[in-house]
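Undergrad: Sending over a structure as structure tokens; questions will come in a sec.
The values are calculated or read from the model by the stated rules, or taken from the named source; none is laboratory data. Nothing here was measured: the structure is a model prediction, and the numbers come from that model. Neighbour counts are summed over all protein chains in view; Cβ atoms, including those assigned to glycine, are modelled from backbone coordinates with ideal geometry.
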Amino acid sequence: MATAMMIAGTASSVMGSISAAKGARAAGKQALRTAEYNKAIRDRNARVAEQDADFRDRVTERQEVRARDDFAKLQAQGRVAYAKSGVVASSGTPLEILMNNANEFEEDISLNEMQGATESGRIRETGVNQRLAGNLALLEGQSQKMAADIRARGHMFSALKSAVSGVSQYGQAAPTGQIN
């Protein structure tokens, strides 16, 4: 009877350790799958940020083209108004006013370009941060899987130890019928 109990105890210990090893491996695989999924989401977010930044660049370029067209029309209207009033716009105060307007316009264009570049740069940086966070999530998942694999091996060694110990005790008890 004692021998049967010893065998049952050993088998139970071995099965528990094997079950714990399977659980640890499954947890590690799941951690890695979750990390891969999170990285894929972060990579997608990075692609979206890059597209947003490209869109912001195109909007800035488009705004400049429109502004230049509008300004050219405005300057032409000014020249026409000077001409209608009999003032020569190619010299003196009228020329200074037209040149001043053009200089202020170019400053506005430069400011708009700088704001657009700053905004698109900020958006691109968001994309870089998303990629970095995705890589970090993947590294964490790989680390968790590695730790789970190590725990699983530990459980398997525990199962082996229990089996060897049980066999040893059975071998010692079998000739005498007693358990040490």
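Undergrad: Tally time: how many residues in the range 44-78 are farther than 24 Å from T118 by Cβ, surrounded by 15 or more Cβ atoms within 10 Å (Cβ to Cβ) and among the charged types (D, E, K, R)?
TA: Total meeting the criteria: 0.
Undergrad: Name the residue, out of Q169, Q130, Q115, that is at pLDDT 95 or above, among the polar types (S, T, N, Q), assigned to a helix (DSSP H, G or I) and touching a helix residue (DSSP H, G or I) at 6+ places or on another chain (Cβ under 7 Å).
TA: Numbers: Q169 fails: at pLDDT 95 or above; Q115 fails: touching a helix residue (DSSP H, G or I) at 6+ places or on another chain (Cβ under 7 Å).
Only one candidate qualifies: Q130.
Undergrad: Does A67 fit the bill of being of a type outside the set (V, I, T), under 30 Å from A46 (Cα atoms) and assigned to a helix (DSSP H, G or I)? Explain how you work it out, then say what you get.
TA: Values: of a type outside the set (V, I, T): yes; under 30 Å from A46 (Cα atoms): no; assigned to a helix (DSSP H, G or I): yes.
So A67 does not fit the description; no.
Undergrad: Just give me the residues in the range 86-112 being in a helix (DSSP H, G or I) and hydrophobic (A, V, I, L, M, F, W, C), in sequence order. Lay out the reasoning, then the answer.
TA: Going residue by residue through the range 86-112, those that are in a helix (DSSP H, G or I) are 92-112.
Answer for the range 86-112, where residues must be in a helix (DSSP H, G or I) and hydrophobic (A, V, I, L, M, F, W, C): L95, I97, L98, M99, A102, F105, I109, L111.
Undergrad: Also: Inside the range 34-44, can you point out the residues that are of a type in the set (D, E, K, R) and either touching a residue at least 24 places away in the same chain (Cβ under 8 Å) or in contact with a strand residue (DSSP E or B) (Cβ under 8 Å, 6 or more places away or on another chain) (or both)? It would help to see each step written out before you state the result.
TA: Residues of the range 34-44 of a type in the set (D, E, K, R): 36, 39, 42-44.
Result: E36, K39, R42, D43.
Undergrad: Given the conditions (1) loosely packed, with under 13 Cβ neighbours inside 10 Å; (2) closer than 19 Å to D57 by Cβ; (3) among the acidic types (D, E), report the number of the one that E119 does not fulfil.
TA: (1)
Undergrad: Suppose we filter A35, A40 for residues that are surrounded by 17 or more Cβ atoms within 10 Å (Cβ to Cβ) and either of a type in the set (S, T, Y) or within 25 Å of the chain's Cα centre (by Cα) (or both); which single one remains? Show your work before the answer.
TA: Working: A40 fails: surrounded by 17 or more Cβ atoms within 10 Å (Cβ to Cβ).
Answer to the check: A35.
Undergrad: Then there is this: Could you identify the single residue in G28, G16, G9 that is modelled with pLDDT of 90 or more and either surrounded by 13 or more Cβ atoms within 10 Å (Cβ to Cβ) or under 30 Å from E113 (Cβ atoms) (or both)? Talk me through it step by step, then tell me what you get.
TA: On the way: G16 fails: modelled with pLDDT of 90 or more; G9 fails: modelled with pLDDT of 90 or more.
Only one candidate passes the filter, namely G28.
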